[in-house]
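*Asks:* Sharing a structure here in structure tokens format.
The values are calculated or read from the model by the stated rules, or taken from the named source; none is laboratory data. If you're wondering where the values come from, they're calculated on a predicted model, not measured in any experiment. Glycine gets a Cβ as well: all are built from the backbone with ideal geometry, and neighbour counts include every protein chain shown.
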Amino acid sequence: MWILQWGDNTNQASGQWNHEEHESSEKALEAARTKVGMGLVAHAIHSPAGVHWMTGDELMAALSKDEAPAE
């Protein structure tokens, strides 16, 4: 199980994020993509033990890379 932390500008300012559980890291990444597409902030993906898989900056880089046009 992987946990996506996400929110809006208020969550970002307060550091209190919404949590969403996913069965796999791929599903959590897809949910992050959806949240960002809705104008929200994807803060991190981590395991229940708190081990980060991706931080917000890494999430944005991965999402940007996925959306880059093929050369």
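*Asks:* Looking only at segment 1-19, which residues are polar (S, T, N, Q) and either closer than 13 Å to LEU63 by Cβ or without any contact (Cβ under 8 Å) to a residue 12 or more places away in the chain (or both)?
*Replies:* Correct list: THR10, SER14, GLN16.
*Asks:* Among (1) touching a residue at least 24 places away in the same chain (Cβ under 8 Å); (2) out of contact with any His (no Cβ under 9 Å at 6 or more places or on another chain), there is one condition HIS22 misses while meeting the rest; what is its number?
*Replies:* (1)
*Asks:* Applying the selection to segment 25-57, what residues are at pLDDT 90 or above and in contact with a His (Cβ under 7 Å, 6 or more places away or on another chain)?
*Replies:* ALA28, ALA31, ALA44, HIS46
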